[in-house]
Amino acid sequence: MTEKRTMRNARLKLGGAALLALLAGCSLAPEYQRPAAPVPESWPDQPQLQYGQGQTQATLGRQPAPAVAPGQGVPAADLGWRDFFRDPRLRELVRLALEGNRDLRIAVQRIEEARAQYGIQRGQLFPAIGAGVQGTRQRLPRDLRPGGPDSSSISSQYQAGVGLTTFEIDLFGRLRSLSEAALQQYLATEQARRAVQINLVGQVAQAYFNLRAAEEQLALTQRTLQARQASYDLVKRRFDGGVASELELAQAKTLLDSASADLAQFARAREQAVNALVLLLGGPLPPDLPEPAPFDAGQLAAIPAGLPSDLLTRRPDILAAENQLRAANANIGAARAAFFPTISLTGLLGVASPSLSNLFSGNGTFWSYSPSITTPIFAGGSLQAGLDLARARSNIAVAQYEQAIQQAFREVADALAGEATYAAQIEALRELAQSSARRLELSNLRYEGGIDSYLQVQTAQVDLFNAQQALVGAGLQALINRVELYKALGGGWNEATVAAQDVDAAGAAGQAAPGVPASSEPGQ
């Protein structure tokens, strides 16, 4: 007897497991496999440039892609932006932008939208149960009265109960595939929000550096204008004394007018940089911002480049592209399941009565159960077209995923090329500015001594100003390049560094992106 009971229990368990497996269904989606990364396993070699005091020319060679910071440094994706940006004013501007920027607010609401869409799709996996009361009152002609021609022409019926609306048993995984696709779309939206924040942090930094560079150029132009005004006054006195020619006076006036035009240009650039910051912040610049740090090499921390494979797990745009690929893969499963039968279930349990007053007091219990099964026979080729469409979109998603990896690889490689060359370029420009200043000083002495014409002074003034402006511009590009490298490696999402090892501030300061010291135009 015990053995029979045991066998009966085993059959019941087996039947229950089979029923659960039937209700759970299977998935017809292809097994997901991450495509191979279409980029090399290491960064390309970078040019090795050296240019220093005492060298007559730069030396050019090749070297492996540098780790911008020691290999034990904090990865860029884990380096908080408060640690990467060392200017207190810039840190405050980034904080304000993260609070007020409208693009970021839209990205956050996109996440809520995708989360709601996922919830709607996932809800179809579960039965929907509702309660309700329904009444019907109708007049029938004599020939259709249930009690005969002499019965009452008015009939009433009232129902109340709990019902199971049409519920699809997901036998072939169609609903689960659609739910998985919605989940991956939601996750892709979350990654898109991370990408928006990273880009916003980088845009604020670039706009701030553009503002600081415009201020440097404006100050330099003001000093240049003062020096050229003094030079013009000197030539004017010599012209009034009959020593200088009218041509020399016109040359001095040309330089003065050119500096005045440059002053207006850089004043406009400064205001436009302020406007760009205001847009990114979502409001006006506060009057109580912290004092800015010097516009030099200590503005940014150093970061390690890592390996190209790190991008697959740290770059939000690549992660979003992979989520889109997973969603397209799940949609193939839903398209395949459309070829198979659909099983639905509808049920109702409640009470019924011909009068509303006796609805809950009589013996009017009733129930109904309506299973249905439908299978496609002919759909004009739409089911096959749907499957072909899902496969085509999956192939597109694969190409987009690979394209995102290639784009990320290029961005990092470009930034590494900048890290390898900007220091030598800035050192050369700094020496060019110094030699141009000395040349202008000697040209002034020779002109005042009557040895050379004013044309030599004019040429020297133009060359010095151009060299100083180029030095400011190269320093700006070096800082922006370091920000681009930070973004390209996935940095800018964390406010504080999350790695166990902190960045060595002293060591990083020595390798920070080269900046531009304030310079003047001596000897004019």
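Quick look at the numbers
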{"quantity": "Rounded FRET efficiency, nearest 0.05, which uses the C-beta distance separating Leu279 from Gln226 and R0 of 25 Å", "calculated": "0.15"}
{"quantity": "Distance between modelled label sites at Ile106 and Gln134, nm, 7 Å Cα→Cβ extension", "calculated": "4.6"}
{"quantity": "Spacing of the two label points (7 Å from each Cα toward its C-beta) at Thr459 and Gln33, in nm", "calculated": "6.9"}
{"quantity": "Nearest-10 value in Å² for the accessible area of Val278, using the 1.4 Å probe", "calculated": "50"}
{"quantity": "Chain lengthening between Asp452 and Val243 when straightened (0.36 nm per residue, less Cα-Cα)", "calculated": "73.9 nm"}
{"quantity": "Virtual spin-label span in nm between Ala385 and Phe340, 7 Å along Cα→Cβ", "calculated": "2.5"}
{"quantity": "For Ile169, distant residues with modelled amide H under 5 Å away", "calculated": "Ile343, Ser344, Leu345"}
{"quantity": "Extension reserve of the Ala352-Arg95 stretch, reckoned as 0.36 nm per residue once the Cα distance is removed", "calculated": "86.1 nm"}
{"quantity": "Cα shape, the stretch 335-484, gyration tensor, a/c 1.5 rule", "calculated": "prolate"}
{"quantity": "The stretch 389-431 - accessible surface per residue (Å², probe 1.4 Å)", "calculated": "48"}
{"quantity": "Solvent exposure of the stretch 198-340 as accessible area per residue, Å², 1.4 Å probe", "calculated": "43"}
{"quantity": "Heavy atoms of Arg223 accessible to a 1.4 Å probe, total area in Å² rounded to 10", "calculated": "80"}
{"quantity": "Length gained when the stretch Tyr369-Val162 is fully extended (0.36 nm per residue, less Cα-Cα span)", "calculated": "73.3 nm"}
{"quantity": "Dipole magnitude (debye, nearest 20) for the stretch 156-262, charges at Cβ of Lys, Arg, Asp, Glu", "calculated": "160"}
{"quantity": "Accessible surface of the stretch 200-270, 1.4 Å probe, proportion on carbon and sulfur as whole %", "calculated": "51"}
{"quantity": "More than 18 angstrom apart: percent of Cα pairs within the stretch 211-361", "calculated": "81"}
{"quantity": "Alpha-carbon centroids, the stretch 201-238 and the stretch 389-410: separation in whole Å", "calculated": "47"}
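The values are calculated or read from the model by the stated rules, or taken from the named source; none is laboratory data. From a predicted model like this one, the values you see are computed outputs, not experimental measurements. Glycine gets a Cβ as well: all are built from the backbone with ideal geometry, and neighbour counts include every protein chain shown. Remember, those area values only see protein heavy atoms, side chains included, never the ligands or the DNA or RNA. Shrake-Rupley method; radii C 1.70, N 1.55, O 1.52, S 1.80 Å.
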